[in-house]
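The values are calculated or read from the model by the stated rules, or taken from the named source; none is laboratory data. Keep in mind that this is a model prediction, so the values were computed, not measured. A quick note on method: Cβ atoms are made from the backbone with ideal geometry, for glycine too, and the neighbour counts reach across all protein chains shown. Just so you know, the surface numbers come from the protein's heavy atoms only, side chains and all, with ligands and any DNA or RNA stripped out. Shrake-Rupley method; radii C 1.70, N 1.55, O 1.52, S 1.80 Å.
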Amino acid sequence: MSKTLDKKHPNNSHQEEVNYITVDYTMKSWFITKDHKRIGMLYLATVLVFFFVGSVAAGFVRFELTSPTGQILESETFNRMFTAHGVVMIFFFLLIAIPAVLGNFFLPLMLGARDLAFPKLNLLSYYLYLGGGLFGVVALVSGGVDTGWTFYTPLSSMYSNSQVVLTITAAFITGFSSIATAVNFIVTIHKMRAPGLTWFRLPLFVWAHYATSIIILLGTPVVAITLALVAVERLFHIGVFSPEYGGDPVLFQHMFWFYSHPAVYIMILPAMGVVSEIIACFARNRVFGYEFIAASSLAIGGLGFLVWGHHMFASGESYFQAAFFSLMTSLVAIPSAIKVFNWAATLYKGMIYLTTPMAYAIGFLGLFVIGGLTGLYCSNLGVDVHLTGTYFIVAHFHYVMVGGTIMALLAGIHFWWPKMTGRMYPEIWGKIGMLVIFSGFHMTFMPQFILGFLGMPRRYHYYHFAPEFQAYNVFSTAGAGVLAIGFMIPVVYLLLSLKHGAKAPANPWNAKGLEWEKTDRVPITHNFREIPVVTEEAYNYSIDDEPPIEAKYTKFGAVMEEKS
Amino acid sequence: MALEATHGNQMNPQKVYEQFEDIDQQNESYLVGMWSFLITEIMFFGVLIFCYTLYRWQYQPSFYAMSKLLDMKMGTINTIILLTSSFTMVLAVHYAQIQRRAAQLYALLFTILCAFGFLIVKYFEYSHKFHVNLFPNPTFVWPALDNPALTASVPEPVAKMFFSLYFAMTGLHGIHVVVGILLLGALSYLVWKKSTLVEDFMVTEMIGLYWHFVDLVWIFLFPLFYLMPK
Ligand SMILES: [Cu+2]
């Protein structure tokens with residue numbers, strides 16, 4: 001312990017400020033770091049690699065669908081492509097992205113803690129994630145999987161002739177990484193809040209991560225063991241779901257969705273947390289109905305465990321079950337709507353600054369409302385029988401999970417980038433990027449709503465039975481191209497900003513919160529020079545607060561005059 | 001009970017890691033963390049018990065007949081072994097709290113011995129099942145070789161389902177016992193080497209929690225499989 005402490009003050013420091021980045025530049029110091037901020041950055045880099053892999057697979061799928069009879073891939077390969085897209089994006093990107101990157105980085109900062117409760121466990125969780133990811137990549141290059149990311153039995157357990165076991169191992173290991181992170185978050189939130197930081201003074205970001213961690217603790221083991229049962233059936237013929245043994249393959253679906261529906265909330269709740277922070281900051285207004293937003297996070301987490309059956313409306317449920325799950329699913333709309341209305345009310349009579357993070361946060365609202373409302377169609381029994389298994393569902397969950405999570409991830413990264421790296425990015429490029437991504441997203445997925453409503457089934461390679469679908473598919477693929485360009489834009493300017501970006505002041509947005517007000521420009525290894533004492537409620541904004549940094553100071557190379 | 005030693009005791013000069021304010025906060029964090037982890041463990045086994053419940057509900061008469069194929073004697077011996085090990089684990093935590101290192105080490109070693117004993121009995125049980133071709137893979141022979149009369153009425157698929165559940169659940173429990181042996185072994189080594197990591201009783205306490213959980217799972221599995229009512 002003390003050995004690492006000694007290294008912290010390198011003698012060669014030429015009046016360079018000491019922070020968590022400059023404290024040690026060696027590669028080794030990054031790979032064995034116990035600093036939650038560095039681990040967050042490692043996660044960020046890794047998560048983006050997987051996002052790229054998943055996007056390439058999506059690109060193949062979209063390209064194939066530009067023709068009713070496919071383009072270049074065999075149908076077998078097409079199945080492996082959409083499975084790769086789903087598995088990589090869900091298990092290695094969406095479930096991880098916001099909690100492990102932004103949560104890891106900012107939870108201790110917001111709580112006024114020097115680190116997460118268990119830094120070594122945190123590092124272990126990163127390596128578990130990396131290990132799981134490598135298993136996934138090995139599974140991909142050694143042939144891939146063709147079951148879809150849902151691994152339905154008996155296809156996955158008996159008939160599929162692909163790398164099911166390897167992929168399941170990958171998901172299983174990644175699950176343990178999530179569990180480790182969730183345990184860390186729960187302990188840190190319970191036990192390491194700064195003096196004066198009561199539960200109802202916590203930023204909503206923290207509440208959201210608390211609810212998320214509970215879902216991870218309760219849900220992840222279920223899917224882990226369910227998938228493991230598929231693997232042992234393939235390996236040892238221990239067949240709990242096997243119809244040959246009098247088992248019920250639909251039981252797999254029940255257990256799989258018991259986790260995988262709440263998994264959507266693992267993706268979207270942290271996103272909502274991010275958006276709450278940003279909207280309050282750039283509306284210069286207290287979050288309207290703070291307690292309701294906090295409680296609705298928990299309510300969504302709780303209700304989320306009672307809706308899984310809506311995935312089986314068309315696979316042999318009793319009327320009673322179906323009605324129950326339909327009702328419960330519709331109820332999720334209530335806490336979700338509470339959040340949306342409260343955000344809208346927060347904007348009302350606020351002093352709104354349309355910065356890049358704010359633009360993304362508003363974009364999140366746009367996508368989430370469309371995703372949420374179309375979700376209500378799907379929760380309706382009669383309508384769902386028509387829509388289930390079509391592109392309508394595909395579009396719906398992309399709007400919710402992908403639109404929601406990615407917009408919020410980008411919002412969060414843009415909001416906290418000055419704190420994470422000490423650099424500004426050019427405001428103008430930020431907004432251009434946001435507009436391209438936002439419109440690319442609608443171009444990609446709007447046509448899929450129509451396709452699904454017209455009856456195009458998901459996961460089909462050919463649609464020569466209905467060539468009129470081609471126009472929509474081509475449009476959707478073009479949208480995916482726009483989206484790809486859109487994602488390039490922030491990657492380029494954010495990377496450039498590391499070298500050329502204007503030096504960010506400690507609190508460029510004049511935001512509230514411990515992470516902005518009580519830390520250095522870039523936080524030091526143990527975050528705070530002394531543990532802060534909290535004396536006020538969260539989001540103590542007023543419309544007379546200083547405005548955020550002016551756009552001219554965010555250009556590359558801009559220098560801001562010191563205001564002491 | 002003259003058990004004075006709790007956290008923060010002067011007798012326990014323990015390292016406080018830099019993210020914590022004091023030893024109390026650290027120890028409480030460990031406990032909250034351990035219990036959170038145990039919740040995930042409960043969900044792990046809960047899923048399997050849920051599957052078991054569904055199928056037993058569906059196939060109760062057959063499951064009852066199948067349960068007679070399990071060796072009640074060995075199951076009982078294993079239950080006694082694990083209960084004993086839980087007791088010695090309690091002793092180990094107690095001796096850790098009052099700083100009696102040698103006694104703690106002996107209690108830990110005895111716990112490990114019990115764990116091995118459990119695995120040895122389990123090994124004989126499993127190998128007997130393989131021997132009479134009751135492992136549910138293509139070598140499965142039905143009706144059961146060692147009791148055809150009892151099992152003649154049980155359809156073969158259900159017999160395979162019973163043994164699938166049996167091997168999945170006791171197998172997962174067995175893996176937990178192996179992990180327990182590794183943890184207890186590492187702990188004993190640290191205690192023997194007088195490592196500063198285990199100066200405080202907290203590490204012993206947490207591994208103790210884990211070990212009690214493993215025992216508790218067996219306390220559920222034993223009646224579910226061996227003591228089934230008609
Ligand atoms: Cu769902």
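So, in segment A:252-297, how many residues would count as being of a type in the set (Gly, Ala, Ser) and farther than 30 Å from A:Thr150 by Cα?
Residues in segment A:252-297 being of a type in the set (Gly, Ala, Ser) and farther than 30 Å from A:Thr150 by Cα: 6 in total.
So A:Thr198 fits all but one of (1) polar (S, T, N, Q); (2) under 23 Å from A:Asn104 (Cα atoms); (3) crowded, with 24+ Cβ neighbours inside 10 Å; what number is the exception?
(3)
If you check A:Gly131 against the conditions, is it surrounded by fewer than 23 Cβ atoms within 10 Å (Cβ to Cβ), small (Gly, Ala, Ser) and outside any helix (DSSP H, G or I)? Don't jump to the end; show me each part of the working.
On the way: surrounded by fewer than 23 Cβ atoms within 10 Å (Cβ to Cβ): yes; small (Gly, Ala, Ser): yes; outside any helix (DSSP H, G or I): no.
For A:Gly131, the condition - surrounded by fewer than 23 Cβ atoms within 10 Å (Cβ to Cβ), small (Gly, Ala, Ser) and outside any helix (DSSP H, G or I) - is not met.
Is it fair to say A:Arg459 is assigned to a loop (DSSP other than H, G, I, E, B), among the basic types (Lys, Arg) and either more than 23 Å from A:Phe415 (Cβ to Cβ) or open to solvent by less than 20 Å² (accessible area, probe 1.4 Å) (or both)?
yes
Assuming A:Ile393 fulfils every condition listed in (1) of a type outside the set (Ser, Thr, Tyr); (2) modelled with pLDDT under 90; (3) in contact with a Cys (Cβ under 9 Å, 6 or more places away or on another chain) apart from one, which condition is it?
(2)
A quick yes/no check of all residues on (1) surrounded by fewer than 20 Cβ atoms within 10 Å (Cβ to Cβ); (2) more than 22 Å from A:Pro119 (Cβ to Cβ); (3) in contact with a Pro (Cβ under 6 Å, 6 or more places away or on another chain); (4) at the interface with chain A (Cβ under 10 Å from one of its Cβ atoms):
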residue: B:Glu18; (1), (2), (3), (4): yes, no, no, yes
residue: B:Glu21; (1), (2), (3), (4): yes, no, no, yes
residue: B:Gln25; (1), (2), (3), (4): yes, no, no, yes
residue: B:Glu28; (1), (2), (3), (4): yes, no, no, yes
residue: B:Leu31; (1), (2), (3), (4): yes, no, no, yes
residue: B:Gly46; (1), (2), (3), (4): yes, yes, no, yes
residue: B:Tyr52; (1), (2), (3), (4): no, yes, no, yes
residue: B:Trp57; (1), (2), (3), (4): yes, yes, no, no
residue: B:Ser62; (1), (2), (3), (4): no, yes, no, yes
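What is the number of the single condition among (1) assigned to a loop (DSSP other than H, G, I, E, B); (2) buried (at least 16 other Cβ atoms within 10 Å of the Cβ) that A:Thr477 does not meet?
Of everything listed in (1) assigned to a loop (DSSP other than H, G, I, E, B); (2) buried (at least 16 other Cβ atoms within 10 Å of the Cβ), A:Thr477 misses just condition (1).
Can you say whether A:Ser326 is more than 14 Å from every other protein chain (Cβ to nearest Cβ), open to solvent by less than 30 Å² (accessible area, probe 1.4 Å) and within 16 Å of the ligand (Cβ to nearest atom), as far as the supplied structure shows?
Against the criterion (more than 14 Å from every other protein chain (Cβ to nearest Cβ), open to solvent by less than 30 Å² (accessible area, probe 1.4 Å) and within 16 Å of the ligand (Cβ to nearest atom)), A:Ser326 qualifies.
Since A:Trp429 meets every condition but one in (1) open to solvent by 50 Å² or more (accessible area, probe 1.4 Å); (2) in a loop (DSSP other than H, G, I, E, B); (3) of a type outside the set (A, V, I, L, M), which condition does it not meet?
If we test A:Trp429 against (1) open to solvent by 50 Å² or more (accessible area, probe 1.4 Å); (2) in a loop (DSSP other than H, G, I, E, B); (3) of a type outside the set (A, V, I, L, M), just (2) comes out false.
Taking segment A:151-178 as the region of interest, how many residues are surrounded by fewer than 24 Cβ atoms within 10 Å (Cβ to Cβ) and within 14 Å of chain B (Cβ to nearest Cβ)?
Qualifying residue count for the region: 4.
Of all residues in segment B:135-150, count the ones that are within 12 Å of chain A (Cβ to nearest Cβ) and within 15 Å of B:Met66 (Cβ to Cβ). Lay out the reasoning, then the answer.
In the first step, residues of segment B:135-150 are kept if they are within 12 Å of chain A (Cβ to nearest Cβ); the result is B:135-140, B:142.
Filter again for within 15 Å of B:Met66 (Cβ to Cβ), leaving B:135-136, B:140, B:142.
Summing the residues that are within 12 Å of chain A (Cβ to nearest Cβ) and within 15 Å of B:Met66 (Cβ to Cβ) in segment B:135-150 gives 4.
Looking at the structure I just gave you, is A:Tyr259 away from the ligand (no atom under 16 Å from the Cβ), at negative phi and either modelled with pLDDT under 90 or among the hydroxyl-bearing types (Ser, Thr, Tyr) (or both)?
Taking the combined requirement at face value, the residue does not satisfy it.
Give all pairs with beta carbons closer than 6 Å in which a residue from segment B:136-158 that is touching a residue at least 24 places away in the same chain (Cβ under 8 Å) meets a residue that is part of a loop (DSSP other than H, G, I, E, B); count only pairs at least 6 apart in sequence or on separate chains.
From segment B:136-158, the pairs are B:Pro136/A:His237; B:Ala144/B:Leu69; B:Asp146/B:Val132; B:Leu150/B:Lys68; B:Thr151/B:Pro143; B:Thr151/B:Ala144; B:Val158/A:Gly246; B:Val158/B:Tyr59.
Within segment A:310-322, does at least one residue satisfy the condition of being touching an Asp or Glu at 6+ places or on another chain (Cβ under 6 Å), modelled with pLDDT under 90 and not β-branched (Val, Ile, Thr)?
yes
Is it the case that some residue within segment A:237-247 is over 30 Å from B:Cys51 (Cα atoms), without any contact (Cβ under 8 Å) to a residue 60 or more places away in the chain and either within 16 Å of the ligand (Cβ to nearest atom) or in contact with a Phe, Trp or Tyr (Cβ under 9 Å, 6 or more places away or on another chain) (or both)?
Checked segment A:237-247: no residue is over 30 Å from B:Cys51 (Cα atoms), without any contact (Cβ under 8 Å) to a residue 60 or more places away in the chain and either within 16 Å of the ligand (Cβ to nearest atom) or in contact with a Phe, Trp or Tyr (Cβ under 9 Å, 6 or more places away or on another chain) (or both).
Yes/no per residue for (1) in contact (Cβ under 8 Å) with a residue 12 or more places away in the chain; (2) within 27 Å of A:Ile279 (Cβ to Cβ); (3) open to solvent by 40 Å² or more (accessible area, probe 1.4 Å):
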position: A:Ile489; (1), (2), (3): yes, yes, no
position: A:Leu495; (1), (2), (3): no, no, yes
position: A:Asn507; (1), (2), (3): no, yes, no
position: A:Thr519; (1), (2), (3): yes, yes, no
position: A:Val522; (1), (2), (3): yes, yes, no
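Scan segment B:78-105 for residues that are over 20 Å from the mean Cα position of the chain (by Cα) and in a helix (DSSP H, G or I) and jot them down.
B:His94, B:Tyr95, B:Ala96, B:Gln97, B:Arg101, B:Ala102, B:Ala103, B:Gln104, B:Leu105, listed by residue number.
Count, please, the residues in segment A:237-271 that happen to be of a type in the set (Asp, Glu) and in a helix (DSSP H, G or I).
1
Of all residues in segment A:271-320 being charged (D, E, K, R) and away from the ligand (no atom under 16 Å from the Cβ), which is farthest from the other protein chains (Cβ to nearest Cβ)?
Looking at residues that are charged (D, E, K, R) and away from the ligand (no atom under 16 Å from the Cβ), I get A:Arg284.
Step by step: first the residues of segment A:100-114, then only those that are touching a His at 6+ places or on another chain (Cβ under 7 Å) and open to solvent by less than 10 Å² (accessible area, probe 1.4 Å), then the one that is nearest to A:Met407 (Cα to Cα). Which residue is that?
Quick first cut of segment A:100-114, residues touching a His at 6+ places or on another chain (Cβ under 7 Å) only: A:103-105, A:107-108, A:114.
Remaining after also requiring open to solvent by less than 10 Å² (accessible area, probe 1.4 Å): A:103-105, A:107-108.
Working: A:Gly103: 16, A:Asn104: 19, A:Phe105: 18, A:Leu107: 20, A:Pro108: 23 Å.
Looking at the filtered set, the residue picked out is A:Gly103.
Condition (residue is closer than 26 Å to A:Gly273 by Cα and either in contact with a strand residue (DSSP E or B) (Cβ under 8 Å, 6 or more places away or on another chain) or open to solvent by 20 Å² or more (accessible area, probe 1.4 Å) (or both)) applied to segment A:555-562: is it met by at least one residue?
no
Can you tell me which residues in segment A:181-213 are within 9 Å of another protein chain (Cβ to nearest Cβ) and part of a helix (DSSP H, G or I)? Give the steps one after another, and end with the answer.
Our first condition is that a residue be within 9 Å of another protein chain (Cβ to nearest Cβ); within segment A:181-213, this holds for A:182-184, A:186-188, A:190-192, A:213.
Result: A:Ala182, A:Val183, A:Asn184, A:Ile186, A:Val187, A:Thr188, A:His190, A:Lys191, A:Ser213.
Condition test on A:Gly239, is it out of contact with any strand residue (DSSP E or B) (no Cβ under 6 Å at 6 or more places or on another chain), farther than 25 Å from A:Gly412 by Cα, open to solvent by 10 Å² or more (accessible area, probe 1.4 Å) and within 9 Å of another protein chain (Cβ to nearest Cβ)?
no
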